[in-house]
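Each remark here refers to the structure printed beneath this line.
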Amino acid sequence: MFDRLTKGEPVVILDLEWNQGSYYTNPKIPHEIIEIGACRIDAEGRIAARFSRILKPRIYRQIDRHIQKVTGITQEELDQGERFADAWQDFIRFTEGARLVTWGRDDFPVLKRNVEFIQADMPFEPPVDAQLLFGYLFYKDSSRQFNLHSALEEMQITSEIPAHRAIYDAEATALLLPLIDEKLGQLEADEMAVLETILDKERRIALAKVVSFPTTYISFTEAIMDRRVTHFYCPVCGSRANFSVPWFDAGKEKYEAVARCHSHGYIQGNMHFKKSTKGRVVISQRFSQASEEQVKSVKNKYHAFKMIPENKRHHRLEMHLPSSGRKNKASNPG
C-alpha cells in the first residue's frame, strides 16, 4: 500500500471523454472514446508533461448532442481527430513507469472496452481512484461521489481551469493531489487497513469482465431462462464457473449470482436487462473476483429473496441452480 500518491514513482492522471449512439448502441463498445487527456506528475507534485488528443470515432461518427453540449467538442474536431489505435500507443509511451490515477471509477472500464475492441493489449493495472480517496480521507465516506469542481470548492481551491474537457479535468485533479497526499500521511494504521480493503474491492471491480449482448427474446423471463446467455465465465482465465448462488432479483432491476472457478475462487456476477430499439432484450453482465465478505453478502440477499412468498414476489425473477433437480421458474417482469 502507498502512503503518498506523488512520492516515489511518477503519477499520470488520466481523464477521458466519450461519445455514444443517439439511436444505436454497439454492445461491444457502448461508449467510444473521443478525447484522452493526461498529466504526468513529478515527485514534487507538479505537472511535468501533458497529453491531449482528440480522436476520430469509428462507430458513433456523429457526436451526440448532449456530449457536444457538455464538452464543447465539435463535429469538425472529431472529423479531424486521429485514430484511437495510434493515440493509444503514444499514451502507453507517455505513461511509461507511472501509476495511473483517475477521478472516479468510470474511465478505466471504458478504456478497457475500447482497447479490447481494437484488439490491443492493456498494459496497465487499475488506476487509483482519487475521488474515492477524497471522500474517504475528508468525509469518511468512500462512496460519496464528489463532482471534481465541487471538490475544489470544498477545499477552497480557486481555479480558472474549465470543466468537462479531458485535459482540463486531469489538470484540476492534479490540484487536489497534494491535499490527498497530506491526508494519506496522517492516517492511523486501522484507518489505512480499512482503506486497503476498500481499494482491494475496487481493484477487483475494475478488473471485472463486462459484456453486453443482444438476444432474440422479447420478454425478460425468456432471456433469464436461457442458460446459454446466463452462464458464468471466470474474468481471469475465461473458463466456465459453477453456480453457488443462482441468478436472482436483488431489487431495482438488478440481478446477482455467485459461481466458483476451480482455479480462481469465487466470482460475483451482476446483470441487468434493457430493451433495444427493436424491442429485443439486451443483457449486460459484469463478472469479478469476490471476497468472502462479498460472497456472504450475496448469499444473505439470496436468502432474504427466498423468504418472500412466491405469490408476493411480483415481477421478480429467479433461476434455480442446475443441480437442484427442479425446473427453472420465473415470473414475467413486464
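The values are calculated or read from the model by the stated rules, or taken from the named source; none is laboratory data. As the structure is a prediction and not an experimental result, all values here were calculated from the model. Every residue, glycine as well, gets a Cβ built from its backbone with ideal geometry; the counts of neighbours run over all protein chains shown.
The table below gives the values:
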read-out	value
Flag for V211 being over 21 Å from K306 (Cα atoms) and touching a residue at least 60 places away in the same chain (Cβ under 8 Å)	yes
Checking P162 against (1) closer than 21 Å to T6 by Cβ; (2) more than 22 Å from the chain's Cα centre (by Cα), the condition it does not meet	(1)
K209 closer than 30 Å to L152 by Cβ and of a type in the set (K, R)	no
Evaluation of Y23 against (1) of a type in the set (S, T, Y); (2) at pLDDT 95 or above; (3) farther than 30 Å from G185 by Cβ (one fails), failing number	(2)
Filtered residue count, the stretch 11-43, keeping only those that are in a strand (DSSP E or B) and not aromatic (F, W, Y)	18
Unique match (being closer than 20 Å to E182 by Cα and out of contact with any helix residue (DSSP H, G or I) (no Cβ under 9 Å at 6 or more places or on another chain)) among Q119, Q156	Q156
Any hit, the stretch 148-155, residues being of a type outside the set (A, V, I, L, M, F, W, C) and buried (at least 19 other Cβ atoms within 10 Å of the Cβ)	no
